[in-house]
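This report concerns only the one structure given below.
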Amino acid sequence: MQSPAEREILEVGSRLLTSADSSVHSPVRAIDKRALERASQDAELRTALLRFVDVAPACRSPADLAAHLIGFLGELHERPLPLDAAMRMGSSKAARAALGRAAAAGVRHVAHRFIVAEQPGDAEKVLRSLWSEGVTTSVDLLGEATLSSQEADRYAQRCLDTLDSLAGIYAALAPMPQLEADSIGPIPRANLSVKVSALTPLLRPDAPELGERDAMPRLRALLRRAKERDVHLHVDMESFDSREAVTELVLSLLGEDEFRDGPSAGLVLQAYLTDSPELCERIVAWAERSARAQPLVVRLVKGAYWDHEVVDARQHGWRSPVFEVKAECDRNFEALTVRLLKTRSHLRAAIASHNLRSVAHAIVANRALGGQPRDVEFQVLRGLGDELQRALVREGLRVRTYCPIGDLVAGMAYLVRRLLENTSNQSFLADQVRGRPLEELLAAP
Amino acid sequence: MTLGPFVNEPVLELRRGEVRDALSRGMAALERKLPLRVPAMIGERRIDGETLLSTDPGDREQVVAVATRATGQDARRAVEVVSAAAGAWASVAAEERALILLRSAAWMRERRHELAALCVRECGKPWAEADADVAEAIDFLEYYARGALALDRGASVLQVPGERNHMRYAARGVCAVIAPWNFPLAIPTGMLAAALATGNAGVLKPAEQSPACGAMVVEALRAGGVPPDAVALLPGAGDAGAALVRDPRVHTIAFTGSASVGAEIIAAAARVRGDQSHIKRVIAEMGGKNCVIVDSDADLDEAIPAIVRSAFVYAGQKCSAAARVLVHEGIADALLERVAGAVATLQIGQADVFGTDVGPLIDEEAQRRVLRYTKLAADEGVIVAAREPEVDGRGWFCPASVVTGLPADSAILRDEIFGPLLAIERVRDVEDALDRVEALPFALTGGLFCRNPQTVQSVAARSPVGNLYVNRHITGAMVGRQPFGGNRLSGSGAKAGGPDYLLQFVEGRVVTENTLRHGLVV
Ligand SMILES: Cc1cc2nc3c(=O)[nH]c(=O)nc-3n(C[C@H](O)[C@H](O)[C@H](O)COP(=O)(O)OP(=O)(O)OC[C@H]3O[C@@H](n4cnc5c(N)ncnc54)[C@H](O)[C@@H]3O)c2cc1C
Ligand SMILES: NC(=O)c1ccc[n+]([C@@H]2O[C@H](COP(=O)([O-])OP(=O)(O)OC[C@H]3O[C@@H](n4cnc5c(N)ncnc54)[C@H](O)[C@@H]3O)[C@@H](O)[C@H]2O)c1
């Protein structure tokens, strides 16, 4: 027997799914889907393609690209027919160049699905058209790893400039009341996500204070500008190695008097971490004590570094910091959803997931806890959650799409993570593509 | 007896605050005991003599240990005692010896925080490195205990009707272990554990810079159950080591250290003295001049942190440390600029501060040597980064530098400097880089950053080094995973922490029995 809540989740989830499915009609999408399906079924092929995508921007010429592609394909035991043909093309110089150009185009095509533009200026069109569809964004600046102070300064400067330009872009847009307030009060239109690892070269797992101290002045400058421009500033969470530094940094800066009246700001809670419930309690306690005018926004995610965390722990012989059973991670996500929604008056919850079950659960939980639909924000990634984004808008919900901006070289790490996620056999999206039955997709974890 | 499969001792998870606190408590506990006393330990006797002071490389005023400076006579006495006990130790069942090693490992595990603290104090190793040193020492005990058990089962040889062939391995006798200071626990433990596990008796001569760490190794083995007569500690300087090498009752010399001392030892050991009735075997692990090749398709985001870590962590005082980068000219400018930026962020400071990358050098002589080469670098090439230490002058600190544009015959490209000085050279392509690697007399470790599987294969095929690391840092070999050791002037032995290391400590004995009697196979 299903509980009423479960019935409701199934109902909401089915509606979202139908609505999301009906928005797919592009033939390109269909091809992408088939390619992704194929890659998620064949681990070797998936690895070869990811390695190729990873190296593509570093190749010097089409011939160099072709040489790499052939190198990776050469390691496959079994090659799908079209790829076998590609390998054979490598025999002549002209054919290699052609193959390299085709492959480069392929990578660019995939990249453009996930990365909205190379420069913030070029993103304006996309941001405006999303707004007109009832969707707002969080912009993320992709970049190379920060290895020096100069690189950290450069990233911080790019963020400052982007805060200015986002403020400009969004100020010019027509009002969209459902995106601009919840029961607590107004919500800034524009939103920028930043990474602490890009704000300091000194994030050291064994010395969190070092990175904290070094990133602090740069993050403080961003908060000041965000406050001036009324842009929300969100600090992404990265691998477990830096969690302590990032958490301490954000909470200590946001606790400063200077930022009591703004800007709106937030951090991220990763449900795949086994100790995330404790961290959640800490954040909740902080939020309850905080005198900030604009409550802290907590973006709840599962976590983007799962494979890394598992491998890293295995290599060192440590217990894994993340759940290793997907259902445990999903159950924890739901428990944290409820915990955050219950703290509504002190913090704002943003549910960032492409998993219909997780999303439907949050919608139903919000309702059950007496929240208005606009009291919870749903967040998706550009390129992964496009259909869900539309379905959520149709439900009258508040949606924010995470929009990375940057060139291909800089974007590669991000792109590979997204592709990994998309083709992982533990991923909801891959399950969905594979046509797993609705009841199973939406079943309680 | 079967033991569970070997697994590496996990290093401490320093990203957790409570783990860091435990180390700090270990340091406090150690500091209450300083200075430690380190006598020569020969059998049950503890012999004091002329003293050898071991001071904190980060603070010359701080005495870590007051050790005995063992003499040639002490060395002979140690060999005499150990030699007399060798037969009894060799006849202890291999299982029992293995269990003793495992108990020694457990002894270290229980004290790992304090042992790591001692590494920090006595050798200026930053915490993560010091902890890894302890873990590696434990690994060697666990790994060789298992290896010796397997070896004890003998080798399989062909059998034909009418004869029974049996090949087994026997201990060689007395092993003199002569160790360096840069892995003050792991390396002496590894060499000594290999000798003891295979039934040899041992004398450890730790480096003069790290007698207290050496004493801990012998303490651990004795606490685990090695009879005091079968393992002796001989703190002292090079002359004590030389006396061991000359002693006719020594069968095997396990040495790790510089190439010049290694060559000297090999020469001295070759001479048959007095009533010596055997040829000494020398296992020598020596220095390196390790090159990292960076191809044009490398991901600099990964290559640069790995290079900086390989070259500068522990102030470049690892035999495996990166000394030269050979970068494809197509990305050389970007690499130089970013390496310089990254080097400028290195934390140079006291080893006991979490986050320190570059601690002090081991001693004054090392500081003088590195400063001399750093000056030579400025004269002969272009310094692209120089990170000055911001610590007071009581330790043997020196700047971390990067030099480029050196002439091909520069000593900086040839000598093992053993300090935080990295040379970067532009190469036309990977082949050009390999030519330069091949021209070197050393062949210890090497690195390659490249994402083309075909290039990786061809470099692996041509590279002469003992340990080649692809797309990662080139230090930090793990027991059982990266059996470690060099070729050419970098080493004469089989790889430490690998499957054939123990074979060097034993001699084969084959017994063939005729089982044919009047046409009957009995
Ligand atoms: C707007 C937005 C912002 C984001 N910001 C961040 C951020 O700052 N930091 C961050 O880390 N991530 C962030 N993410 C990424 C997010 O973590 C991944 O997109 C997410 O993990 C995918 O989860 P899902 O609920 O969409 O899909 P699902 O398919 O339900 O879940 C996949 C996730 O489950 C987890 N998982 C996979 N296998 C297992 C297993 N065997 N056991 C346990 N758990 C497993 C992993 O986290 C994996 O990513 C963000 C996502 C969005 C949409
Ligand atoms: N290949 C490897 O596995 C490996 C590992 C660690 C260190 N090393 C090398 O070790 C060197 C650094 O260590 P070090 O400074 O302690 O080396 P070192 O050669 O100066 O000393 C090593 C040991 O030899 C002893 N010794 C010195 N002269 C001797 C002599 N004439 N006869 C016998 N013993 C003598 C020393 O007292 C010390 O115990 C570097 O060259 C490094 O590359 C190699």
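Numbers below:
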{"item": "Largest-first ellipsoid semi-axes for chain A, taking √(5λ) over the Cα gyration tensor eigenvalues, angstrom", "result": "35, 27, 22"}
{"item": "Whether the stretch B:290-470 is rounded, prolate or oblate, judged on the alpha carbon gyration tensor where a/c under 1.5 counts as rounded", "result": "prolate"}
{"item": "Amide H contacts of B:E163 (H built 1.01 Å from N, under 5 Å, at least 5 apart or other chain)", "result": "B:T515"}
{"item": "Rounded to whole Hz, the Karplus (6.51, -1.76, 1.60) HN-Hα couplings of the stretch A:296-308, x for glycine and proline", "result": "4, 9, 10, 8, 9, 10, 7, x, 9, 10, 4, 4, 4"}
{"item": "Accessible-area ranking of A:S252, B:S463, B:S54, largest first, probe 1.4 Å", "result": "A:S252, B:S463, B:S54"}
{"item": "Efficiency of FRET from Cβ geometry, A:D407 and A:E180, R₀ 51 Å, rounded to 0.05", "result": "0.95"}
{"item": "Length-normalised contact order for chain B - Cα pairs under 8 Å, 6+ apart - percent", "result": "17"}
{"item": "Three-way shape call for the stretch A:346-445 based on the alpha-carbon gyration tensor, with the a/c threshold at 1.5", "result": "oblate"}
{"item": "Accessible area buried, both sides summed, chains B and A with 1.4 Å probe, Å²", "result": "2900"}
{"item": "Mean ellipticity per residue at 222 nm, deg cm²/dmol - from DSSP H runs of n ≥ 4 across chain B, formula -39500 (n - 2.57)", "result": "-12500 deg cm²/dmol"}
{"item": "Among the listed pairs B:K205/B:K289; A:K227/A:K302; B:K125/B:K318; A:K195/A:K326, those beyond 22 Å (Cα-Cα)", "result": "B:K205/B:K289; A:K227/A:K302; A:K195/A:K326"}
{"item": "Euclidean distance between Cα centres, the stretch A:403-430 to the stretch B:241-266, Å", "result": "56"}
{"item": "Between 0 and 90°, nearest 10: helix A:4-21 axis offset from chain A longest Cα axis", "result": "50"}
{"item": "Histogram of C-alpha separations across the stretch B:142-241, 5 Å bin width, %", "result": "2, 13, 21, 20, 15, 9, 7, 5, 4, 2, 2, 0"}
{"item": "Label-to-label distance, nm, for residues given as A:E288 and B:E513 (7 Å Cα→Cβ offset)", "result": "8.0"}
{"item": "Residues along the stretch B:1-49 losing 20 Å² or more of accessible surface when the other protein chains are present rather than the chain by itself (probe 1.4 Å)", "result": "B:P10, B:V11, B:E13, B:L14, B:R15, B:R16, B:R20"}
{"item": "Å² per residue, accessible surface of the stretch A:42-112 at 1.4 Å", "result": "50"}
{"item": "Cα-centred dipole magnitude for the protein assembly as shown, charges only on beta-carbon of K, R (+1) and D, E (-1), debye, nearest 20", "result": "1260"}
{"item": "HN-Hα J in Hz across the stretch B:121-130 - Karplus 6.51, -1.76, 1.60, θ = phi - 60°, x for Gly and Pro", "result": "6, 7, 10, x, 7, x, 3, 4, 6, 5"}
{"item": "³J(HN,Hα), Karplus 6.51/-1.76/1.60, whole Hz, each residue of the stretch B:219-230, x for Gly, Pro", "result": "4, 4, 5, 5, 4, x, x, 5, x, x, 6, 8"}
{"item": "For the stretch A:137-159, residues shielded by at least 50 square angstrom of accessible area compared with the chain on its own, probe 1.4 Å", "result": "A:L147"}
{"item": "Heavy atoms of B:C450 accessible to a 1.4 Å probe, total area in Å² rounded to 10", "result": "0"}
{"item": "For the stretch B:290-470: accessible area per residue (Å², 1.4 Å)", "result": "35"}
{"item": "Descending semi-axes in whole angstrom, ellipsoid equivalent of the protein assembly as shown, from the Cα gyration tensor", "result": "57, 32, 29"}
{"item": "Residues in the stretch B:445-472 occluded by at least 50 Å² - accessible area, probe radius 1.4 Å, against chain by itself", "result": "B:R451, B:P453"}
{"item": "Separation of alpha-carbon centers, the stretch B:334-363 and the stretch B:76-118, rounded to whole Å", "result": "37"}
{"item": "Rounded percent of accessible protein surface that carbon and sulfur make up, the protein assembly as shown, 1.4 Å probe", "result": "53"}
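The values are calculated or read from the model by the stated rules, or taken from the named source; none is laboratory data. Since the model is a prediction, treat every value here as computed from it, not as a measurement. When we count neighbours, we look across all protein chains shown, and the Cβ atoms used for this are built from the backbone with ideal geometry, even at glycine. Please note that ligands, DNA and RNA were not included when accessible areas were found on the heavy atoms of the full protein model with its side chains. Shrake-Rupley method; radii C 1.70, N 1.55, O 1.52, S 1.80 Å.
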